[in-house]
Every structure is written in structure tokens, then in C-alpha cells.
Amino acid sequence: QADDDEEGEEGEEAEEKMPSCGDYIMHFLTLPWKLLFALIPPTAIGQGYPTFVIAIGAIGICTAVIGDVAGHLGCFIYLKDCVNAIAFVALGTSVPDTFASKTAAIEDDTADNSVGNVTGSNAVNVFLGIGIAWSMAAIYWESQGEQFIVPVGSLGFSVTVFCIEALLAILILLIRRHPTVGGELGGPKFFKTVSSGIFVFFWVFYVAISAMEAYGVINPGF
């Protein structure tokens with residue numbers, strides 16, 4: 001009788017659930033990206049190297065489209081480029097990282113990949129997205145006998161605020177490692193809600209304070 005009950009439960013779990021209205025909407029909204037990434041070959045081919053190279057190219061196309069759309073949106077609503085970059089471009093390129101971290105958090109036994117994915121992705125965005133582009137520009141203008149000069153603008157203030165919030169976020173993760181809190185991920189609902197709310201506040205505060213500095217509402221002096 002117990003075996004029959006277990007088989008019945010497994011059969012119920014195996015039944016496919018009908019998609020909801022939200023599932024249909026998200027499917028049609030993400031269909032172009034699904035078709036694009038469906039062209040990526042499986043990892044069994046060529047020890048995964050074709051998968052890696054083509055996936056990087058597809059991600060580059062996705063990022064380029066997001067950047068162009070966000071740039072046009074900023075022009076339409078007369079938003080400064082620096083504010084548009086931290087509000088829409090950064091948000092659009094970070095949402096895929098968020099879902100990747102969520103998948104890693106669900107599938108893995110530890111929080112290593114879910115936490116390391118975001119920090120690694122940000123490092124790649126900075127070192128590759130900015131470092132290579134600026135290096136190429138600096139080399140080109142140096143070969144022409146000119147200097148590659150980029151106005152600082154509000155970059156120093158934004159980076160300072162970002163670094164402070166990043167240190168606070170790391171401190172929160174260290175605190176959450178304590179057994180009574182429940183670990184870096186998960187745990188009691190109270191700690192999950194509080195830590196999630198703090199992280200969302202960090203992003204909102206960063207965008208708001210950087211926008212106010214860019215529009216001259218506040219003047220930090222650097």
C-alpha cells in the first residue's frame with residue numbers, strides 16, 4: 001500500500017501544470033531571445049568551446065540591443081546619459097544576472113555560484129566593457145599623436161557611493177553566515193525580507209543620489 005501511495009504521488013508530480021496567463025505573456029515577450037539563444041550549440045560539441053564562444057556573442061548582441069533601446073529612451077525623456085546608464089542600461093544588463101543567480105541558488109547546495117555570478121559579471125562588465133574599449137581608444141589616439149581625454153563628470157561620486165554600498169552588502173552577507181540567521185541565502189522569512197529590502201534600498205538610493213548629483217541638486221565637491 002505504501003508503494004502504491006508513493007507511485008501515486010510521483011505520478012501527480014510528473015503531471016504537467018497548465019501555464020498561467022503570466023506564463024503566456026512572458027513567453028511571447030521573451031520569444032525573440034529564446035529563438036536567438038536556441039542557436040547556441042550544446043556543450044557536448046567540441047568540449048563546450050563552441051557553446052562558450054557563441055553564447056558570449058549572443059550575450060553581446062543582447063547587451064547592444066538593450067543599450068541602444070535605453071539610449072533612445074533617455075533621448076525621448078531628456079534624461080542625462082550618466083543617469084540613463086545607471087538607471088536603465090545597468091538595470092537591463094543586470095536582470096539576466098539576477099535570474100542566473102536565482103537559478104544557481106535553487107539548483108546548487110551552496111550559495112557560491114549565486115553570489116559569485118553577480119560579482120563576476122560586474123567585473124567582466126567593467127574590465128571588458130570599459131577597460132578594453134578605453135584601452136583601444138587610448139592606443140589609437142596615442143598612435144595619432146593625440147591624447148585620449150574623458151571628462152570625469154560625476155563618476156568619482158558614483159563610484160564612491162557604489163563602493164560604500166558594496167562593502168555594506170558584503171558585511172550583510174558575512175552577518176548572514178551566522179547559523180542563527182540561516183545562511184547567506186534562505187533562512188527564516190524575517191531575515192530574508194529584511195536583507196532583501198536593504199539590498200533593494202541600496203540600488204534605489206544609489207540611483208537617486210547619483211541622479212541628484214548629476215542634476216546639481218546636491219554638490220558633494222568631488
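The values are calculated or read from the model by the stated rules, or taken from the named source; none is laboratory data. These numbers were taken from a predicted model, which means no experiment stands behind them. Backbone-built Cβ (ideal geometry, glycine too); neighbour counts: all protein chains shown. The accessibility values were calculated without ligands, DNA or RNA, using every heavy atom of the protein model including side chains. Shrake-Rupley method; radii C 1.70, N 1.55, O 1.52, S 1.80 Å.
Scan the stretch 144-194 for residues that are under 29 Å from residue 82 (Cβ atoms), free of Cβ contacts under 8 Å to residues at least 60 places away in the same chain and not aliphatic (A, V, I, L, M) and the total you get is 8. Mind checking whether some residue in the stretch 173-196 is in a loop (DSSP other than H, G, I, E, B), of a type outside the set (A, V, I, L, M, F, W, C), under 22 Å from residue 123 (Cα atoms) and modelled with pLDDT under 85? Yes; the residues of the stretch 173-196 include at least one that is in a loop (DSSP other than H, G, I, E, B), of a type outside the set (A, V, I, L, M, F, W, C), under 22 Å from residue 123 (Cα atoms) and modelled with pLDDT under 85. Per the conditions (1) open to solvent by 90 Å² or more (accessible area, probe 1.4 Å); (2) not in a loop (DSSP other than H, G, I, E, B), the sole criterion not satisfied by residue 146 is (2). Selection of the stretch 85-104 for residues being within 30 Å of residue 42 (Cβ to Cβ), of a type outside the set (Ser, Thr, Tyr) and open to solvent by 40 Å² or more (accessible area, probe 1.4 Å) yields 95, 96, 99, 100, 102. Only a single criterion out of (1) over 20 Å from the mean Cα position of the chain (by Cα); (2) aromatic (Phe, Trp, Tyr); (3) open to solvent by less than 60 Å² (accessible area, probe 1.4 Å) is not satisfied by residue 215, namely (3).
Taken residue by residue, the stretch 81-104 has no member that is more than 28 Å from residue 61 (Cα to Cα) and either of a type outside the set (A, V, I, L, M) or out of contact with any strand residue (DSSP E or B) (no Cβ under 7 Å at 6 or more places or on another chain) (or both). Scanning the stretch 116-152 for residues that are hydrophobic (A, V, I, L, M, F, W, C) and in contact with a helix residue (DSSP H, G or I) (Cβ under 7 Å, 6 or more places away or on another chain) returns 118, 148.
Do the conditions hold for residue 184, that is, is it surrounded by 11 or more Cβ atoms within 10 Å (Cβ to Cβ) and in contact with a Leu (Cβ under 6 Å, 6 or more places away or on another chain)?
yes
With respect to being open to solvent by less than 40 Å² (accessible area, probe 1.4 Å), under 29 Å from residue 58 (Cα atoms) and at pLDDT below 85, residue 129 falls outside the description. For the stretch 162-170, the count of residues that are surrounded by 12 or more Cβ atoms within 10 Å (Cβ to Cβ), acidic (Asp, Glu) and outside any loop (DSSP other than H, G, I, E, B) is nonzero. When the residues of the stretch 72-84 are filtered to those that are surrounded by 16 or more Cβ atoms within 10 Å (Cβ to Cβ) and in contact (Cβ under 8 Å) with a residue 12 or more places away in the chain, the one that is farthest from residue 212 (Cα to Cα) is 74.
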